[in-house]
Amino acid sequence: MALLTVRGLTTSFSTDQGIIRAVNGVSFTLEPGEVLGLVGESGSGKSVTALSIMRLVREPPAKVQAELLDFEGTDLLRADPRTLRDIRGSGIAMIFQDPMRSLNPVLTIGRQLTETLVRHINIDGNAARRRAIELLEMVGIPMAEKHLGSYPHQFSGGMRQRVMIAIALSCNPRLLIADEATTALDVTIQAQIVELVRTLTKNLGTAVIWISHDLGLVAGLCDRVNVMYAGRIVETGPVREVFYRPSHGYTIGLIGCTPRVDRVGTPLKPINGLPPNLMDDTPLCPFLPRCDVAIPACHRVRPELRSFPGGHFANCLADLTSRHAELR
Amino acid sequence: MWRYFASRLAQIPFILIVVTMTIFVVVRSTPGDPVQIMLGMETSPDAVAAIRKEFRLDRPVAVQYVLWLGDLAQGNLGRSIRLNTPVTQLLAERFPVSLRLAAGAMLVALCISIPLGILAALYRNTWIDYLCTGYTVAGFAIPNFALAMILIYVFSIKLGWFPITGIGTGDAKTIFGAIGPYILPALALGTLQTAVLTRLLRSSMIDILMQDYVRTAHAKGLTPTSVVLVHALKNAMIPFVTMVAIQCGYLIGIQVTIEYIFAIPGVGSAVLSGVINRDFPVVQGFTLVIAAFFLFANMVADLLYGILDPRIRY
Amino acid sequence: MAFSIRESATEMAVNFANDSDKIAPDEIPTVRFATGARLAARQFLRNPAATSGLVVLALLCLAAIAAPWISHFDPVQIKLSAKLKPPSWEHLLGTDHFGRDVLSRLLYGSRVSLSIGLLVVAFSTSFGVPIGMVAGFMRGHVENGLMRLMDAFLTFPPLLLAVTIVGLLGPDLRNVMLAIGIVQVPVLARIVRACTLSAREEVYVAAASALGASPLRIATRHILRNILSPIVVQLTIGFSAAIIAEASLSFLGLGTQPPNPSWGRDLADARRYMADAPWLFLSPTATIMLAVLSINFIGDGLRDALDPRSWRTRARAASVKG
């Protein structure tokens, strides 16, 4: 059975102007232990999707609806607050982009670790302390015992993110959502953190959703990837398939503007136009205004889901196979 | 941290000198002959001259000030011209009374502002928030003596629950007898001080609740109570506690109208009668102590800030 | 109100809702600048509390000026035959223990309170602003010295200092203005200095690239525009504080001397008659509250209107779980 099933997830904000659909009909499933990437530009709805799954969006003003939002058999949409709180932290855990702002500045690291443990696992203070030390060592923080009494501002960015990972994995969650977890870090630290998460989650068998706008990161880490635009998933499939045989105008655009080590000197192709208006629930393809591979049909009909070999799907009418060669 | 406080301590003498000098100048600029006013028109010129000499009123102003400072260094604040008792003794009698009143007012303020501030931040734009806003707004607009008058009328005269005099008379035999006379004045004083504190707590909490670490706390599955009371409140307490310290110092000065209405023998009313009776030593001595207390309260506030916020290490 | 195109679409979309008059929702977003003053005025007028405060204050000022036409009773004339009459058509707010019409006393009393408020504001501005600006510009020893001096004056418990000055030097207008204003000067000076400091940073950059046009002229104009809003807000606070301070002084017997009308003095007189003549207490209290509240609302409205950042924060606050 799938670990997480999302079908028709829509998160909307109602404003004086109209309804903004930050997430518009998103569907995907996640198997236990699978690593899924969620890519797209800023504002594509990646973070809001994750927050909506965890029901961390403030409702109102938001409204989270879905045909199905199921985690390990629990209906997250209709669950009562208590159940949701039990799942958060121990079933699904999340790490955020800016570790400095995501850790409480006036509580010690030790306290922020042990409180999660005490909340979800039935252990006493001392056992929690010992476990906290283990966790810190697990994420590679030296002199763990001494650091239990430290405060977040005494750590560097990379170390803080390690602490966040420790907190997130402390109760052995079945799903870890990493929301731009490396974006705020230096490149070398990024690599360390990515590797850390990869190893730990592999050992624990945790499924991971990596949210990022960094295609390279996702390509190296994930089994499958969902490409999001304007709150919808426009392409999904195994990483190799999607990145080597992109089948949506947006994906091609994204890849086209990603710098490549093996193509030094080739000019990058930016995607023209401005970010989409999320109030516009157009029946046509949302990427149409900015797409350079659009065909006449795109202006008339709604894009249908086309399937490609290997469990690869895209919401695009154009045939982009001719472009695949130039991407190799 | 100590270097910072050392520099703060060093500033204190300068500040106190400016304060006392200003008061001195004001006092000495009083129109009319103070001694004559005090003793009345029928006193013999010899008596007047003798009093003048004793209180050094025959010397130039600057000299008087320096001599006063000299006395101060020896712990002598002079004698009250009217009561003929040492100012220090009067201070010893009156300061504790004012402190008790201020403490009572602060207690009232804390009991109201902490829950109200938290609730208003949690339930923004609901009736609780509007109540809070209305309360803080009214708190700035009602003069505290007006509130005192209402309280006296309702609780003392009509209902007879609380006495309105009796502080400092020393015949309190029961706890209620001891605290009773303080209740109404503390309510009058404290309810309005609350406005500042409630506003501060509410806006701090609103800011804090928007922070990323609160979102993390929710993502960890912690109960809302824990998130608010531990994660959020602890951060909000830092500016709050320092404001409480500052307000304590401030209260002592503001109390004068309340002390007047309730006939409380505190420092405010001492300054008031000192001013009316042209009792210079009292005015000078009491103002000095009040200002020093205020400075002390501010320093405590800074100290607390440094202690409570782990990010600050001077 | 420009914003960066790079801004996340969600944030932008949420902001759309709140900043509706800045972007036409149908178009691809184009940036449209509106002049600061017009925008501020519009934001202010959208705030019901602030607008009603403005109206009330205007009415109070008008009433104070037009006192002789509104009420023909002499506020000072004793008429014992008419003493302690409850409100009626003849005496709209009743009479006091000397037979004087309460409404008259309030109207003439408002002249005192409002003019003290204005005087205090004028006093604190004329000292606070220059001191703050000089301190912000000169830095170094001058700044330090001035700020220490300001700290010293901040240590005076406000009411007590006022009691001392007015009590000793006499209850005339000048002394009251001095007494209340002296403690407001340091607060204003501090604010002005802080704003000058931050405005200076920007101005010197502009001045560096500007081609030699008198930097002092640019500085004065630019800086003045930056500091205007916090000053104005602070002044409203000072105004209302001055009204309460004057009322307190009169209450204690130190301010306006009898038989001249004053809100605080009337409250003191009302003490004895709380049970028999509640209107004696209620009228001045209500008037004081009205004046202070309206000024406070205006101040709040100004603060919201003049601070563009507060718009953005409100939008963000609405969207994420807190």
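The values are calculated or read from the model by the stated rules, or taken from the named source; none is laboratory data. Given the structure is predicted, the values throughout are model-derived calculations rather than measurements. As a convention, Cβ positions derive from the backbone with ideal geometry for all residues, glycine included, and neighbour counts pool all protein chains shown.
What helices (runs of 4 or more DSSP H), lying completely within segment B:20-110, carry at least 2 residues that are over 30 Å from B:L189 (Cα atoms), at pLDDT 80 or above and not β-branched (V, I, T)? Steps first, answer last, please.
Details: elements: B:34-39, B:45-54, B:61-73.
Helices (runs of 4 or more DSSP H) meeting the threshold: B:61-73.
A quick yes/no check of all residues on (1) within 11 Å of another protein chain (Cβ to nearest Cβ); (2) over 27 Å from B:L107 (Cβ atoms); (3) in a helix (DSSP H, G or I):
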residue	(1), (2), (3)
B:L192	yes, no, yes
B:D207	yes, no, yes
B:R215	yes, yes, yes
B:H218	yes, yes, yes
B:L229	no, no, yes
B:A232	yes, no, yes
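Mind checking which residues of segment B:1-21 are within 14 Å of chain C (Cβ to nearest Cβ) and surrounded by 13 or more Cβ atoms within 10 Å (Cβ to Cβ)?
Keep residues of segment B:1-21 that are within 14 Å of chain C (Cβ to nearest Cβ), which gives B:7-21.
B:R8, B:Q11, B:I12, B:F14, B:I15, B:L16, B:I17, B:V18, B:V19, B:T20, B:M21, listed by residue number.
Inside segment A:152-170, can you point out the residues that are in a loop (DSSP other than H, G, I, E, B) and buried (at least 19 other Cβ atoms within 10 Å of the Cβ)? Steps first, answer last, please.
Step one: filter segment A:152-170 for residues in a loop (DSSP other than H, G, I, E, B), giving A:155-156, A:170.
Within segment A:152-170, A:F155, A:S170 qualify.
Residues are listed down the side, and each one gets a yes or a no for (1) out of contact with any helix residue (DSSP H, G or I) (no Cβ under 6 Å at 6 or more places or on another chain); (2) touching a residue at least 12 places away in the same chain (Cβ under 8 Å); (3) within 20 Å of A:S42 (Cβ to Cβ); (4) not β-branched (V, I, T):
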position: A:P259; (1), (2), (3), (4): yes, no, yes, yes
position: A:D280; (1), (2), (3), (4): yes, no, yes, yes
position: A:L284; (1), (2), (3), (4): yes, yes, no, yes
position: A:G310; (1), (2), (3), (4): no, yes, no, yes
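Within the group A:I141, A:I123, which residue is of a type outside the set (G, A, S), more than 29 Å from the chain's Cα centre (by Cα) and either in a loop (DSSP other than H, G, I, E, B) or under 30 Å from A:L36 (Cα atoms) (or both)? Answer to the check: A:I123. If you go through segment C:157-167 and pick out every residue that is buried (at least 24 other Cβ atoms within 10 Å of the Cβ) and either modelled with pLDDT under 85 or away from chain B (no Cβ under 11 Å) (or both), you end up with 1.
Here's a check for you: in segment A:30-51, which residue that is under 20 Å from A:N172 (Cα atoms) and within 13 Å of another protein chain (Cβ to nearest Cβ) is surrounded by the fewest Cβ atoms within 10 Å (Cβ to Cβ)?
We begin by selecting, within segment A:30-51, every residue under 20 Å from A:N172 (Cα atoms); these are A:30-36, A:50-51.
Subsequent filtering for residues that are within 13 Å of another protein chain (Cβ to nearest Cβ) retains A:50-51.
Working: A:A50: 22, A:L51: 25.
Checking each candidate, the answer is A:A50.
Of the residues A:A127, A:A191, A:A207, only one is in the same structural domain as A:A93 (by TED's automatic domain parsing) and in contact with a strand residue (DSSP E or B) (Cβ under 8 Å, 6 or more places away or on another chain); which? Lay out the reasoning, then the answer.
Values: A:A127 fails: in contact with a strand residue (DSSP E or B) (Cβ under 8 Å, 6 or more places away or on another chain); A:A191 fails: in contact with a strand residue (DSSP E or B) (Cβ under 8 Å, 6 or more places away or on another chain).
Answer to the selection: A:A207.
Pick from segment B:258-314 the residues that are of a type in the set (S, T, Y) and over 18 Å from B:I17 (Cα atoms): which of them is surrounded by the fewest Cβ atoms within 10 Å (Cβ to Cβ)? It would help to see each step written out before you state the result.
The first filter runs over segment B:258-314 and keeps only residues of a type in the set (S, T, Y), leaving B:260, B:269, B:273, B:287, B:305, B:314.
From what is left, the residues that are over 18 Å from B:I17 (Cα atoms) are B:260, B:269, B:273, B:305, B:314.
Numbers: B:Y260: 22, B:S269: 23, B:S273: 18, B:Y305: 15, B:Y314: 10.
Across segment B:258-314, the extreme among qualifying residues is B:Y314.
The residue that is modelled with the lowest pLDDT, counting only those in segment C:177-205 that are of a type in the set (G, A, S) and surrounded by 18 or more Cβ atoms within 10 Å (Cβ to Cβ), is C:A199.
Can you tell me which residue among C:V120, C:V102 is under 30 Å from C:V142 (Cα atoms), among the hydrophobic types (A, V, I, L, M, F, W, C) and modelled with pLDDT of 80 or more? Steps first, please.
Working: C:V102 fails: under 30 Å from C:V142 (Cα atoms).
So the residue among C:V120, C:V102 that is under 30 Å from C:V142 (Cα atoms), among the hydrophobic types (A, V, I, L, M, F, W, C) and modelled with pLDDT of 80 or more is C:V120.
When you check B:S156 against the structure, is it at pLDDT 85 or above and either buried (at least 23 other Cβ atoms within 10 Å of the Cβ) or within 14 Å of chain C (Cβ to nearest Cβ) (or both), yes or no? It is false that B:S156 is at pLDDT 85 or above and either buried (at least 23 other Cβ atoms within 10 Å of the Cβ) or within 14 Å of chain C (Cβ to nearest Cβ) (or both).
Of the set (1) touching a residue at least 24 places away in the same chain (Cβ under 8 Å); (2) under 21 Å from the mean Cα position of the chain (by Cα), all apply to A:G73 but (2).
All but one of (1) within 14 Å of chain A (Cβ to nearest Cβ); (2) at pLDDT 80 or above; (3) more than 28 Å from C:S229 (Cα to Cα) hold for C:R46; which doesn't? Evaluating C:R46 over (1) within 14 Å of chain A (Cβ to nearest Cβ); (2) at pLDDT 80 or above; (3) more than 28 Å from C:S229 (Cα to Cα) leaves (3) as the failure. Taking segment A:52-78 as the range and being more than 8 Å from every other protein chain (Cβ to nearest Cβ) and part of a strand (DSSP E or B) as the test, the residues that pass are A:K63, A:V64, A:Q65, A:L68, A:L69, A:D70, A:F71, A:T74, A:D75. Mind listing whichever residues of segment A:30-55 are under 14 Å from A:F96 (Cα atoms) and among the small types (G, A, S)? If the condition is that a residue be under 14 Å from A:F96 (Cα atoms) and among the small types (G, A, S), then A:S47, A:A50 are the ones that fit.
Filtering segment B:260-297 down to residues that are under 12 Å from the mean Cα position of the chain (by Cα) and closer than 25 Å to B:S156 by Cα, which residue is farthest from the other protein chains (Cβ to nearest Cβ)? The selected residue is B:G266.
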